[in-house]
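S.K.: My structure is below; once you've seen it, I'll send some questions.
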Amino acid sequence: MARFAGSYSDGRTAAQLPVQVELMVSDLACRDADGRAVAHWPYETLAYVEAPYPGRPLRLRNGQEDPARLTVSDPDILAELAPRAPQLAPGKHRQAGLGKALLLGLAGIAMVLVILLYALPWGASQAARVIPISWERALGERALDQVDEILAMVGGGRPARCDGAEGRAALDALVARLAEGDGSGYDYEVLVLDHGIVNAFALPGGQMVIFRGLLDQARSPEVVAGILAHEMGHVTARHGTQALLRNISLAVLFDVLFEDPTGGSLSGLGLALSNLSYGRDAEREADQLALERLMAVDIKASGLAEFFAKLKEDHGETEPAFQLLSTHPSHGARQAFFEAAQGRGGPAMTDADWRALKKICNY
Amino acid sequence: MPFETHSPVPITEPRPPTPPPAGPLFEADFGRFSAIVVTNGLLSLPTLGFYRFWGKTRLRRYLWSHISFLGTPLEYSGQAKELLLGFLLALGFLLPIVLIPVAVGVSGLPRNVGIAADVLQAVIFLYLIQVAIFRARRYRLSRTQWRGIRAGQSGSSWDYGIKAMAWGFFALITLGLGYAVLRTRLQAYRTQNTWFGDRCFEFEGRAGELFWTWFLAWLLLLPTFGLSHVWYRVREFRYFASKTRVGSLTFRSGLKSGTPILLTLFFWLVIGFIGAIIYNVAIATLGQFGVTEWLNQADPTQIEEATPIITAINFLIFFLFVLVYGMTRLILLVFPILKALCRSLVVEGQEDWAAIAQSEQFRPGRGEGLADSLDVGDF
């Protein structure tokens, strides 16, 4: 009969007793110095405290509940125990968890994709539909603050609002004409910011921003009218509100998943406000709405077609690899779209008004 | 008790007349420890971070089994699924708090209400971090066994959080001078609520006795780039050890501050180096695939088109850096400092081990979810 020296704790107190471990027919027996048995552990319930580390004493327990512990330093006991208690054989104690973690990881990736591609956009569009216009307006004000701060950061301080009286009158008249009978309930307001960027954007709630750079570049008032109509399309289709809600929830999701909610969500909100790109489908929808609007108020769409033709000429198309990620349809596609309506409609404003609008920033 | 032992005779410890001073024996191997840390890090990538519950459990099991006292190693009995469950519960708990400023932003309330909501959220998070620290400690202690006897922690994590916030505020308004008070009060609460079996730890430290040590470190914080804080923490560890007792056992540590200071310096050097490498490799890779060139060429109207690409790249770099930072910290800082702490610690006194009984009062069912979610749990 095999005998090994060991240390035994009964799990009731922290005392430890040197014992002789004897491997009997159906169980393992621990005997104290006087030969009295202090424990009989059946082989079936025998278990490791932890998968054995090479060179470390072997630690055994009796089932999962019993806090009693037996420590044996002689590694030879393994060879004797393995045939009697097959669950202790080497190789049966591989590190568990990788399979489960991989499954969870795959499920996690699938879940994130579903959330990103379907749940968030759907939820955001549903929520955007029921938000009152006054809330949209407040969101828009916050986003505008953010834009001002970012422009101030990249240089030159907060850009001035251009308000030349004649230019302002021409612009307001154009906006009123474009909004005529659209029945959306929005109170449109256009800000002209004194900055060289060739761009314009719509904020939730009816505010729109045009940069002086765009006015400088525009060769006809129809370009400006087309761009305004496009931005009004974003407003009435509530793209900005949708994008905001989507970005905010996205920032929140990342914060919670990646364990840094404190720093993240504060900056995440700012990021969400200042990053209002809508995606290509939304741009197409806004183009469609713009075309309808222009036709409804009898302004020709050829201005926009020329504008996109010039963009294509100046900067070329986006490289195909990036078109997949691109947030706008290609210039060529948009040029073709607006060319389809060419010829119909009249001018957007008188030449005198157009000259005044061009000078709205330096009157 | 639900189990059955064949123990007709009560166990009595053979008592040597004068036990020599003993301390915890740290026998973990640097190579094997690092191998576990690196494996865990690599497996975190394809599993979207979900492996960390199994990885953490594996690492703790290794560490606990290689720290022994009086010839018996500690035992870690925590399970990965407990950590996972705790994490999922914490997610549900944190989400509403994360949403406070968002809700305020969306509801169109005035701007200063928004700022107030941001501040409120920050305060709640600071509080929850302290609560989480205490709960994570409770979980780890309840999963720690020695000679089959469980350790445990009493006390309330909400009370601990309040104390931490209150003394933290005190430290703030005294321009940091009250930091030693904060440290001592919290150490007292933690220690006095720490149990081994049915035996409670005692702590008699007084912040006043640490004040001048901290004052010196406080004065030198800027000129030493914060390294005087490491020096303070070493002195503090020695003081706290000397004021802690459990039953008839007392503690003593002769830890020197040289090694921890050098380790901290080396760690920050390596992190700076790794950060620079990750950044440069990322830039070089972008250049390789023509992205940099494309970004520079892109016309101003297209700037927003680059946003998804830039966001994806930033996110990847950030994720990689957080991962590598955590691994480096465990290998270069946590392991050697833990080793030095164990080696420096001496336990004096004679204990009647048979008088320390198993206690059934400390058995939390879940993991340390909140702590894991807020990333304050250590290894």
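The values are calculated or read from the model by the stated rules, or taken from the named source; none is laboratory data. Bear in mind the structure is a predicted one, so any value in this text is a computation, not a measurement. So basically every Cβ, Gly included, is an ideal-geometry build from the backbone, and we count neighbours across all protein chains shown. We work out accessible area using only protein heavy atoms, side chains counted, and drop any ligands, DNA or RNA first. Shrake-Rupley method; radii C 1.70, N 1.55, O 1.52, S 1.80 Å.
S.K.: Which numbered condition in (1) within 14 Å of another protein chain (Cβ to nearest Cβ); (2) farther than 23 Å from B:S242 by Cα is the only one that B:S156 fails?
M.R.: (1)
S.K.: Has the stretch B:129-137 got any residue that is buried (at least 17 other Cβ atoms within 10 Å of the Cβ), within 12 Å of chain A (Cβ to nearest Cβ) and not in a loop (DSSP other than H, G, I, E, B)?
M.R.: yes
S.K.: Hey, among A:V198, A:V192, which residue is within 35 Å of the chain's Cα centre (by Cα) and away from every other protein chain (no Cβ under 14 Å)?
M.R.: A:V192
S.K.: Taking into account only those residues within the stretch A:14-46 that are open to solvent by less than 20 Å² (accessible area, probe 1.4 Å) and of a type in the set (G, A, S), which is nearest to B:E75 (Cα to Cα)?
M.R.: A:A14
S.K.: While we're on this one: Residues in the stretch B:227-262 that are open to solvent by less than 60 Å² (accessible area, probe 1.4 Å), of a type in the set (S, T, N, Q) and without any contact (Cβ under 8 Å) to a residue 60 or more places away in the chain: how many?
M.R.: Within the stretch B:227-262, residues that are open to solvent by less than 60 Å² (accessible area, probe 1.4 Å), of a type in the set (S, T, N, Q) and without any contact (Cβ under 8 Å) to a residue 60 or more places away in the chain number 3.
S.K.: Count, please, the residues in the stretch A:120-135 that happen to be surrounded by 11 or more Cβ atoms within 10 Å (Cβ to Cβ) and part of a helix (DSSP H, G or I).
M.R.: Matching residues across the stretch A:120-135 total 11.
S.K.: May I ask you to list the residues in the stretch A:167-221 that are free of Cβ contacts under 8 Å to residues at least 60 places away in the same chain and assigned to a loop (DSSP other than H, G, I, E, B)?
M.R.: A:G183, A:S184, A:G185, A:Y186, A:D187, A:Y188, A:H195, A:G196, A:I197, A:V198, A:N199
S.K.: Among the residues of the stretch B:199-226, count how many are under 23 Å from B:F267 (Cα atoms) and open to solvent by less than 70 Å² (accessible area, probe 1.4 Å). Working first, answer last.
M.R.: Restricting attention to the stretch B:199-226, the residues satisfying the condition of being under 23 Å from B:F267 (Cα atoms) are B:217-218, B:220-226.
Among the residues that remain, those that are also open to solvent by less than 70 Å² (accessible area, probe 1.4 Å) are: B:217, B:221, B:224, B:226.
Selection size over the stretch B:199-226: 4.
Each row is one residue, and each column tells you yes or no for (1) open to solvent by 20 Å² or more (accessible area, probe 1.4 Å); (2) in a helix (DSSP H, G or I); (3) more than 8 Å from chain A (Cβ to nearest Cβ).
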{"site": "B:A35", "(1), (2), (3)": "yes, yes, yes"}
{"site": "B:V38", "(1), (2), (3)": "yes, yes, yes"}
{"site": "B:Y62", "(1), (2), (3)": "no, yes, no"}
{"site": "B:S68", "(1), (2), (3)": "no, no, yes"}
{"site": "B:G78", "(1), (2), (3)": "no, no, yes"}
{"site": "B:L83", "(1), (2), (3)": "no, yes, yes"}
{"site": "B:G86", "(1), (2), (3)": "no, yes, yes"}
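S.K.: Within the stretch A:1-116, which strands (runs of 3 or more DSSP E) (wholly inside it) include 2 or more residues that are over 30 Å from B:G49 (Cβ atoms), within 11 Å of chain B (Cβ to nearest Cβ) and hydrophobic (A, V, I, L, M, F, W, C)?
M.R.: Qualifying strands (runs of 3 or more DSSP E): A:17-23, A:27-31, A:37-42.
S.K.: Which residue out of A:A170, A:A179, A:A127, A:A165 is small (G, A, S), in contact with a helix residue (DSSP H, G or I) (Cβ under 9 Å, 6 or more places away or on another chain) and within 14 Å of another protein chain (Cβ to nearest Cβ)?
M.R.: None of the other options fit; the residue is A:A127.
S.K.: Hey, another quick one. Kindly indicate which of B:L286, B:L186 is within 30 Å of B:I162 (Cα to Cα) and either free of Cβ contacts under 8 Å to residues at least 60 places away in the same chain or assigned to a strand (DSSP E or B) (or both).
M.R.: B:L186
S.K.: Answer with yes or no whether B:I303 is over 30 Å from B:I271 (Cα atoms) and either facing chain A (nearest Cβ under 10 Å) or modelled with pLDDT of 60 or more (or both).
M.R.: Yes, satisfied.
S.K.: Now for a different question. When you scan the stretch A:345-357, do you find a residue that is open to solvent by 10 Å² or more (accessible area, probe 1.4 Å) and modelled with pLDDT under 80, even just one?
M.R.: yes
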